[in-house]
Amino acid sequence: MRLAEIRDTKRDLYYFQLRLGVAGVLVLAAFTVLFGRFFYLQVIQHQYYDTKAEDNRISIVPNPPNRGLILDRNGVVLARNYSAYTLELTFSKIADLEGTIDELATIVDIQPRDRRRFQRLRDESKGRDTLPIRTRLTDEEVAKLAVNRYRFPGVDIKGRPFRQYPLGEVASHVVGYISRIDDHDLERIEEADQSGNYKGTDHIGKTGLEQSYEGALHGTTGFEQVETDAGGRIVRGQNVQKLAPRTAPVPGNNLALTLDIRLQEAAERAFGENRGALVAIEPATGGVLAFVSKPGYDPNLFIDGIDPANWDALNNSPDKPLNNRALTGLYPPGSTFKPYMALAALELGTRTPSQTIFDPGYFVFGTATPPRAATAWWTCTSRSSCPATPTTTCSRTTSASTTSRASSASSGLEAAPESISKASSWACCPLRNGRRSVSRSRSSNGGSRARPSAWASGRATTPTPLCSSRRPSQRSPTTA
């Protein structure tokens with residue numbers, strides 16, 4: 001027979017109350033921590049989270065300015081702007097980028113070259129979160145995307161200003177071109193502390209005037225507060241009126257050049273297919289009227305990124321059309337340099353208009369003996385056309401087959417024997433230090449011919465121009 005188990009009700013009640021008390025303490029502690037956290041978030045951190053909530057609800061959208069125009073001296077537009085729609089992708093809002101692009105290709109036309117350009121832009125602009133996959137959308141494509149927009153988070157249609165160079169290759173090296181901002185451009189923008197001014201701007205001047213006057217042409221970016229939904233799309237409603245007022249962008253300045261585009265076109269046509277450079281400057285003002293570098297290129301190819309085929313054609317061309325020959329080419333100035341030196345000498349007073357110099361065609365360096373060079377030979381139709389000066393002697397030659405003694409010049413100096421000529425004429429040659437040395441050479445007709453030799457001494461008198469209105473003799477002088 002089993003004995004009945006005697007229960008201790010007091011002990012059971014004690015353990016029950018103990019467990020209940022421990023559970024109550026734990027629950028109370030949990031609620032205390034919970035309410036404490038609520039108090040911390042709702043009271044102490046109220047301002048912080050309120051700002052975060054507003055940031056999720058309100059977005060600051062930059063309004064890029066219109067780029068300034070480039071005009072020639074007559075108001076002809078060399079660079080202008082126009083608006084078009086672009087299809088842009090935001091990487092942070094897209095889970096499957098390639099899949100999204102494939103689905104978009106079923107709605108709008110996305111060619112393989114668009115994909116390659118998009119990938120190249122991603123590689124060159126690693127710090128940017130939004131890039132375009134298609135530009136210059138048609139109205140039909142915009143309508144299709146607007147209807148299916150709910151299917152593609154992170155895909156936006158935005159209106160963007162685009163640059164255009166209506167004259168194409170004409171003055172391409174002067175105007176230059178703009179292209180998309182790359183990492184190198186971002187570094188320069190940050191160094192200039194202009195990051196805020198380039199928010200929403202995708203292009204920057206790369207070459208020519210577009211680069212040199214980037215600060216004046218770009219303008220000032222404006223900003224606008226807009227309300228967005230959970231998907232990041234802009235919504236409009238009554239609360240929009242409570243947002244901060246819109247800051248309008250300031251357009252860039254127009255750039256007026258001294259260039260005359262009609263003269264520029266005429267100069268480029270004159271070059272034809274030849275390579276070269278030309279710079280035409282107005283002397284009165286110093287303004288550049290024409291600035292030609294041939295061959296040129298079409299700057300419109302670079303605006304959205306040039307495709308590989310066109311880049312290879314330009315970069316590998318033997319004519320090097322991307323080289324600015326007028327600016328970076330090394331060309332000898334030639335005789336065009338001489339008038340400027342003469343004008344500078346007259347202006348500074350180091351030379352006078354009546355001052356002359358003698359140039360024998362060589363100079364003596366150190367103790368070297370100067371060479372004996374040929375002296376020019378002039379033939380005159382009459383003696384009166386030969387100047388009668390102490391530095392000139394004249395003699396008459398006849399058709400006789402014998403050598404004749406030359407008559408003396410009007411200056412009274414002794415004349416030298418001259419050669420036989422087929423026609424009667426007067427021969428003039430310069431004298432050196434008041435006398436003339438003559439050398440003989442065998443002529444084609446068997447006779448001897450006297451020619452003036454070079455003067456080898458180190459002293460010279462200024463020669464008077466001989467028979468300046470006559471042509472030089474066809475017979476080449478010899479070196480004695």
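Quick note: the coordinates plus some simple rules give every number you see, no bench work behind them. All of these numbers come straight from a predicted model, not from anything done at the bench. Cβ placement follows ideal geometry from the backbone for every residue including glycine, while neighbour counts extend to all protein chains displayed.
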* Structure fact -> Using alpha-carbon positions, the gyration tensor of segment 1-61 gives root eigenvalues a ≥ b ≥ c; with a/c under 1.5 called rounded, otherwise prolate if a/b exceeds b/c, else oblate, the class is prolate
* To do: Kindly put 165, 198, 49 in sequence by how many other C-beta atoms sit within 10 Å of each C-beta, fewest to most.
  => 49, 198, 165
* Can you sort 44, 6, 133 by how many other beta carbons sit within 10 Å, fewest first? -> 6, 44, 133
* **Alpha-carbon radius of gyration plus Dmax, which is the widest Cα pair, for segment 31-183 in Å** => 22.2, 81
* First select every other residue whose beta carbon is under 12 angstrom from the beta carbon of residue 194; then total the charges, Lys and Arg +1, Asp and Glu -1. => -4
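Answer rounded, prolate or oblate for segment 251-292, using the Cα gyration tensor with square roots of eigenvalues a ≥ b ≥ c: rounded when a/c is under 1.5, else prolate when a/b is larger than b/c, else oblate. Let's see the in-between values first.
Working: a/c = 2.75, a/b = 1.57, b/c = 1.75.
Verdict is oblate for segment 251-292.
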* Asked: Taking a ≥ b ≥ c as the square roots of the eigenvalues of the Cα gyration tensor of segment 237-330, is the shape rounded (a/c under 1.5), prolate (a/b larger than b/c) or oblate?
  -> oblate
* To do: List 343, 145 from most exposed to least, where exposure is judged by having the fewest other Cβ atoms within 10 Å.
  => 343, 145
* Gap separating the Cα centres of segment 29-72 and segment 136-185, nearest whole Å -> 31
* Calculated FRET efficiency for the pair residue 124/residue 26, C-beta based, R₀ 56 Å, to 0.05 -> 0.40
* **Neighbour cut-off at most 16 other Cβ (10 Å), DSSP loop, trypsin sites (Lys or Arg not before Pro), segment 264-348** => 275
* Short version: ³J(HN,Hα) in whole Hz for each residue of segment 304-319, in order, from phi by Karplus 6.51 cos²θ - 1.76 cosθ + 1.60 (θ = phi - 60°), x for Gly and Pro, what are they? -> 9, x, 6, 6, x, 5, 5, 5, 5, 5, 6, 6, 9, 5, x, 7
* Interchain or long-range residues, amide H under 5 Å from residue 255's placed H -> 69, 70, 71
